[in-house]
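Accompanying notes for the structure given below.
The values are calculated or read from the model by the stated rules, or taken from the named source; none is laboratory data. Keep in mind it's a predicted model, so treat the numbers as computed, not measured. Cβ placement follows ideal geometry from the backbone for every residue including glycine, while neighbour counts extend to all protein chains displayed. SASA here: full protein model, heavy atoms, side chains in, ligands and nucleic acids out. Shrake-Rupley method; radii C 1.70, N 1.55, O 1.52, S 1.80 Å.
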Amino acid sequence: MQLTSQLPTIPTSAVCRYRGCIVAKKPNNIIVGLDLGTTKVCAIVGEAKDDGQVDIIGIGISPSHGLKKGVVVNIDSTVESIKKAVKEAELMAGVQINSVYVGISGDHIKGLKSQGVAAIKNREVGSADVARAIDTARSIDIPGTQQILHVLPQEFIIDDQDGIKEPHGMSGTRLDVKVHIITGAVTAIQNIIKSCSRAGLHVNDLVLQPLASSRAVLTSEEQELGVVVVDIGGGTTDMALFREGSLFYTGVLPVGGNHVTNDIAIGLRTPQSEAEKIKIRHGCALASLVKHEETIEVPSVGGRPPRLLSRQILCEIIEPRVAELFEIVQQRIKSTASEDMIASGVVLTGGTALLEGMQDAAEKYLGMPIRRGTPRNIGGLQDVVNSPIYATGVGLVLHGAENHQAVPARFAAGGIMGRIWKAVSDFI
């Protein structure tokens with residue numbers, strides 16, 4: 001997820017509200033989402049209430065060092081970034097963090113479709129029948145370098161009746177299921193788990209980042225009518241397309257906010273750090289929205305004095321990269337043959353979605369209704385996380401609140417020592 005300023009500022013009042021000694025909270029009710037981005041690492045602490053509400057009670061952010069395009073390239077640097085973000089979140093929430101739900105992205109992520117079948121025992125669909133059908137669907141040949149992350153049911157078919165979303169309790173003899181399978185590179189997964197483990201954290205689950213973002217920003221009506229989430233991060237842009245209430249397509253695009261920053265640095269001949277500041281303060285995704293007389297001050301390199309340039313020149317550098325991004329998004333949508341089934345349009349999230357004129361540019365190049373997505377249906381520090389920057393982190397917390405009773409063993413710290421440590425930490 002793209003960093004939209006040097007670091008988002010958390011209001012002092014929010015920190016003071018929760019900072020202090022460790023407070024008495026039920027350990028099982030504390031869920032932590034860890035968003036590992038190219039530009040920032042963000043830890044968000046949520047507390048699951050008995051009524052199903054999730055309150056955000058802590059946030060920690062640190063600059064991301066050691067990740068590139070969603071992939072760990074330096075474990076030691078990644079560990080330090082994780083520790084800083086987690087420590088800050090612990091201080092604000094007043095809890096000790098031992099386990100996390102981690103977002104994963106990168107161009108190593110693959111999506112494919114499969115179908116499974118199972119005979120219905122006792123002529124009525126039960127949980128065991130559904131599990132067997134899904135197990136047969138996931139029994140497909142994938143490269144040894146890939147590992148399954150998610151198996152997401154799209155549709156169930158009982159005998160010849162299709163379009164079933166919830167088959168439990170229905171009568172029939174044969175149960176078919178269509179699923180969307182998401183895989184990731186084994187080495188990328190192992191490096192994320194290793195980084196978290198060295199930071200003293202147990203990984204409860206790895207969640208595809210666009211799925212987490214979608215969980216935070218979408219409504220059930222949008223998913224039913226058809227919608228595309230475009231999460232514009234620093235190194236990559238994640239896509240998730242929903243049709244008829246189910247995930248239909250996922251993709252990772254090789255363009256992100258850092259590409260815009262690089263273009264500015266080269267085009268204006270200014271340092272990378274200054275180019276990021278210029279993008280945030282003065283950038284606009286459409287040059288036509290900027291007045292000709294507007295000017296900006298551009299720092300030079302090598303100790304030379306700053307220069308005064310037209311703001312429109314800056315926006316003419318930004319717009320082609322933004323246009324490239326949305327043209328790729330449009331191509332991906334066309335490849336799914338879903339253009340006429342996306343009545344809800346496109347939801348933009350991620351830090352780069354905050355760039356001025358981004359919604360106008362998306363509408364121009366995609367020709368669909370556009371809105372900016374922020375986390376919804378949460379309590380606690382809702383006003384603090386009300387930004388596209390936090391969509392993935394909040395989505396990870398919401399995912400954890402729904403699934404924290406079942407921790408996948410495949411993401412444990414590893415070996416007998418990992419199981420011993422988990423047993424000890426759970427007991428504590």
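Kindly check whether there is at least one residue in region 348-366 that is more than 30 Å from ASP51 (Cβ to Cβ), loosely packed, with under 15 Cβ neighbours inside 10 Å and not β-branched (Val, Ile, Thr). No.
Yes or no, residue by residue, for (1) more than 19 Å from ASP231 (Cα to Cα); (2) in contact with a strand residue (DSSP E or B) (Cβ under 9 Å, 6 or more places away or on another chain):
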residue	(1), (2)
GLY251	no, yes
PRO254	no, yes
ILE266	yes, no
VAL290	yes, yes
GLY302	yes, no
PRO305	yes, no
ALA337	yes, no
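Just so you know, in region 113-123 the residues that are loosely packed, with under 13 Cβ neighbours inside 10 Å and touching a residue at least 40 places away in the same chain (Cβ under 8 Å) include one that is farthest from the chain's Cα centre (by Cα), and it is ARG123. When region 208-259 is limited to residues that are of a type in the set (S, T, N, Q) and over 23 Å from GLU166 (Cβ atoms), the one that is modelled with the lowest pLDDT turns out to be THR236. Of all residues in region 291-304, those that are hydrophobic (A, V, I, L, M, F, W, C) and open to solvent by 10 Å² or more (accessible area, probe 1.4 Å) total 1.
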